[in-house]
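Quick notes on the structure that follows.
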Amino acid sequence: MAASDENGARPSAWAVKRFAQQAGRLAAAVPVQLARAHAQAHATHLAAGLKKRSPYGSTLAEAVREKLADTARELDESVRDVRGYEYAVINDHALFPFRYADRPRPLDRARLPSNASPTRRRLFRAHGPQQPEGLFDLDDDLTTDEYLELHEVFEELGASTKLVCVFFTADVENGIHAIHWGEAHLEPDRTFTWPHSEQLPVAPQPLE
């Protein structure tokens, strides 16, 4: 029997299949942790006193990763370090948070930035829902050192680990607009195809 979350709502069959007995607690925790991350990023934005090049976006990204990692620890699950970034891993499923827009936009408009790191791209290719037969496709311009570094990323996250995306939109004035989680395949044009996605509620966002 699936466990209910703290608000009494039952997690979906998809969530239970991936996160087992943690599904309900995790579905309830993700919106709360994103709200807390926004409050932290908002406080950093105010302290910086900058109208342009605000630290809000970078602070929010790091705070979300850290707070989801805190949730994993609270659930007695794993936290994996991938090239200096912590990722929550629950029941062999790693949470990959990503703010895909700074204003409300449909999930099908999400796109990975052109300057996204090779590590992010390889996480999707190696751990996404359509894993290739080989670990990596060796590009002609990929050096041996770069290949070894990317292989280390794969090993750090775990060979059996699958990616669950936590995509959201947010801005400094209005906070979190919408939250989606599911499985996303990264396309060559940096857009995403979603074999499965679900929308999570947005939690109240008291500011620090």
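The values are calculated or read from the model by the stated rules, or taken from the named source; none is laboratory data. Fair warning: this is a prediction, and the values are worked out from it, not measured in the lab. Don't worry about glycine lacking a Cβ; one is built from the backbone with ideal geometry, like all the others, and counts go over all protein chains shown. Ligands, DNA and RNA are excluded from the accessible area calculation, which covers all protein heavy atoms including side chains. Shrake-Rupley method; radii C 1.70, N 1.55, O 1.52, S 1.80 Å.
Those residues that are modelled with pLDDT under 95, assigned to a loop (DSSP other than H, G, I, E, B) and either closer than 25 Å to HIS42 by Cβ or of a type outside the set (Lys, Arg) (or both), I need them from segment 65-91; list them, please. Residue satisfying the conditions is GLY84 alone.
Mind counting the residues in segment 106-127 that are closer than 18 Å to GLY57 by Cβ and either open to solvent by less than 70 Å² (accessible area, probe 1.4 Å) or not charged (D, E, K, R) (or both)? The number of residues fulfilling the criteria is 8. Counting only residues that are under 17 Å from PRO113 (Cβ atoms) and buried (at least 18 other Cβ atoms within 10 Å of the Cβ), segment 178-201 holds 3 of them.
Might you check whether a residue that is outside any strand (DSSP E or B), surrounded by fewer than 21 Cβ atoms within 10 Å (Cβ to Cβ) and in contact with a Leu (Cβ under 7 Å, 6 or more places away or on another chain) occurs anywhere in segment 57-64? For segment 57-64, residues outside any strand (DSSP E or B), surrounded by fewer than 21 Cβ atoms within 10 Å (Cβ to Cβ) and in contact with a Leu (Cβ under 7 Å, 6 or more places away or on another chain): absent. Only one entry in LEU123, LEU163 is modelled with pLDDT of 55 or more, part of a helix (DSSP H, G or I) and under 14 Å from the mean Cα position of the chain (by Cα), namely LEU123. The set of residues in segment 155-177 being surrounded by fewer than 18 Cβ atoms within 10 Å (Cβ to Cβ), within 26 Å of LYS52 (Cα to Cα) and in contact with a strand residue (DSSP E or B) (Cβ under 7 Å, 6 or more places away or on another chain) consists of HIS177 alone. Of all residues in segment 168-208, those that are out of contact with any Pro (no Cβ under 8 Å at 6 or more places or on another chain), modelled with pLDDT of 95 or more and hydrophobic (A, V, I, L, M, F, W, C) total 4.
Given (1) open to solvent by 40 Å² or more (accessible area, probe 1.4 Å); (2) closer than 14 Å to ALA203 by Cβ; (3) β-branched (Val, Ile, Thr), identify the lone condition not met by VAL30. Of the numbered conditions (1) open to solvent by 40 Å² or more (accessible area, probe 1.4 Å); (2) closer than 14 Å to ALA203 by Cβ; (3) β-branched (Val, Ile, Thr), the odd one out for VAL30 is (1).
In segment 42-69, the residues that are within 20 Å of PRO31 (Cα to Cα) and in contact (Cβ under 8 Å) with a residue 24 or more places away in the chain reach residues that are of a type in the set (Gly, Ala, Ser) and open to solvent by less than 30 Å² (accessible area, probe 1.4 Å) with C-beta atoms within less than 6 angstrom, at least six apart or across chains, in these pairs: TYR56/ALA41; LEU60/ALA37; LEU60/ALA41; ALA63/ALA37; ALA63/ALA41; VAL64/ALA37; LYS67/ALA37; LEU68/ALA88. Got a number for residues in segment 11-27 being of a type outside the set (Gly, Ala, Ser), open to solvent by less than 30 Å² (accessible area, probe 1.4 Å) and in a helix (DSSP H, G or I)? Within segment 11-27, residues that are of a type outside the set (Gly, Ala, Ser), open to solvent by less than 30 Å² (accessible area, probe 1.4 Å) and in a helix (DSSP H, G or I) number 4.
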